[in-house]
Every structure is written in structure tokens, then in C-alpha cells.
Amino acid sequence: MKQLCTIILALCWFSAFPQTQFPLDDQKKIAFMEVVKADSLSEKTLYSNAKTWLVANGYHITSSQADSLAGKLTATTELPVYARGYLFKKIHGKIAYTATIEIKENKYRYNFSHFVFQYHKEDRNYKMVPTGKTKPLEEENASGWQALWENHLKYTYTAVNNSIATLKAAMLAKPEVKKEPAITAKKSTSADW
């Protein structure tokens with residue numbers, strides 16, 4: 001009876017903290033994708049909103065001229081992930097990924113993909129620098145630091161979902177109509193000279 005209670009408690013404990021399930025594309029790579037309708041906005045407005053959002057959120061736009069003409073924006077960014085607590089954070093590495101936004105009339109498609117963990121180490125000046133070693137986020141095992149790896153995955157999942165939410169809100173922004181100030185005729189008097 002005691003063993004049964006222990007098993008039930010363990011199952012309840014593990015179900016309270018579900019594993020992060022990343023969405024996967026056809027090649028079994030992590031990819032957050034969706035086509036979103038924006039019926040009331042033109043292609044030009046959607047493109048402008050997407051570009052403004054990318055710049056405001058620290059993405060480095062890498063689109064070519066041909067991509068721009070086709071209504072496609074491609075950008076990259078990095079998320080720092082930490083190995084220590086809240087007071088004295090020590091960077092453990094960065095999660096790099098690519099964001100692609102494709103615009104068509106009355107809709108757009110986003111795709112966050114190519115997630116890679118970039119290892120960092122402390123140099124002789126106590127600065128954290130990249131080592132050049134990488135690890136795809138699709139790998140589930142990290143021997144020696146599994147709990148930290150799972151924290152990195154959870155943080156990335158949350159950060160990307162937050163980015164998607166802010167992207168969707170930014171894409172619906174209506175362009176501001178600038179009003180010209182009314183010009184009123186001023187009566188001139190001889191004192192004005």
C-alpha cells in the first residue's frame with residue numbers, strides 16, 4: 001500500500017511539471033510556424049509592421065533585395081542563457097535562431113527555426129566568450145548538466161512564445177494618419193513690423 005501511494009505521488013509530481021514540447025517541422029527540427037490572417041491591413045502595412053517589430057526587438061535583418069521585393073524578412077537573434085542564480089548571473093551560452101516573416105495581401109506567415117545553443121566560457125579577463133562549439137536544441141541529452149539544459153529549453157520555449165505574442169500584436173497596428181495643423185490667418189497690424 002505504501003508503494004502504491006509513493007507511485008501515485010510520483011506520477012502527480014511529474015504531471016505537475018510537464019516536459020516542454022517544441023513544435024517540429026517535417027525534418028524533425030524545432031520550428032514555430034503559423035499563417036495569420038490580417039484582413040484589414042495591406043501588404044505594405046504588414047511589411048512595415050514586421051520590419052519595425054524585428055528592429056525594435058533586437059533582431060539582425062539579413063534579407064536580400066529580392067526577399068524584400070517578395071515580401072519576405074529574414075532575421076537572426078540570440079538569447080543569453082545563464083548557469084547561476086538571479087543575483088550573480090553567469091552566462092552559460094546563447095541560443096541563436098532565425099525568424100522569417102513572409103507577407104502577402106491580408107495575411108502573413110512567421111517561422112522561428114534553426115535553434116542552436118552556442119557554448120560560452122570564461123576567458124583570462126573573466127569575460128564570457130563563445131567557444132565556437134554548438135549544440136542543436138533538438139538534442140535531448142546533456143550529460144553532466146541535464147537539469148541546466150532543460151532549464152535552457154524551457155526558457156527558450158517561453159521566450160519564443162512571448163515573442164510570437166508581441167509579433168501578433170505589433171502586426172495588427174494600424175498606420176498613424178498624420179494630421180496637418182490648421183493654418184489660421186493672422187491679422188497683421190502696423191505694430192507687427
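What to note about this one:
- The range 115-137, subset on the phi < 0 side of the Ramachandran plot and out of contact with any strand residue (DSSP E or B) (no Cβ under 9 Å at 6 or more places or on another chain), residue modelled with the lowest pLDDT: Lys127
- Criterion violated by Leu148 - all others in (1) open to solvent by 30 Å² or more (accessible area, probe 1.4 Å); (2) within 17 Å of Leu24 (Cα to Cα); (3) at pLDDT 90 or above; (4) of a type outside the set (S, T, N, Q) satisfied: (2)
- Considered as a group, the residues in the range 157-193 that are at pLDDT 95 or above and more than 30 Å from Lys44 (Cβ to Cβ) include one that is surrounded by the most Cβ atoms within 10 Å (Cβ to Cβ), and that residue is Tyr157.
- Contact map, the range 22-38: residues that are within 15 Å of Lys104 (Cβ to Cβ) paired with residues that are open to solvent by 90 Å² or more (accessible area, probe 1.4 Å) and aliphatic (A, V, I, L, M), Cβ distance under 9 Å, separation 6+ or inter-chain. Pairs shown: Ala38/Leu172.
- Selection status of Lys104, touching a residue at least 24 places away in the same chain (Cβ under 8 Å), surrounded by fewer than 16 Cβ atoms within 10 Å (Cβ to Cβ), farther than 19 Å from Ile30 by Cα and more than 15 Å from the chain's Cα centre (by Cα): yes
- In the range 21-73, the residue that is modelled with the highest pLDDT out of those that are assigned to a loop (DSSP other than H, G, I, E, B), polar (S, T, N, Q) and more than 23 Å from Leu137 (Cβ to Cβ) is Ser42.
- Residues of the range 42-88 satisfying the condition of being touching a residue at least 12 places away in the same chain (Cβ under 8 Å) and charged (D, E, K, R): Glu43, Lys51, Lys72, Glu78
- Some residue of the range 124-139 being farther than 23 Å from Ile61 by Cβ and open to solvent by less than 40 Å² (accessible area, probe 1.4 Å): yes
The values are calculated or read from the model by the stated rules, or taken from the named source; none is laboratory data. No experiment lies behind these values; they were computed from the predicted model shown. Every residue, glycine among them, receives a Cβ derived from its backbone with ideal geometry; neighbour counts consider all protein chains shown. Remember, those area values only see protein heavy atoms, side chains included, never the ligands or the DNA or RNA. Shrake-Rupley method; radii C 1.70, N 1.55, O 1.52, S 1.80 Å.
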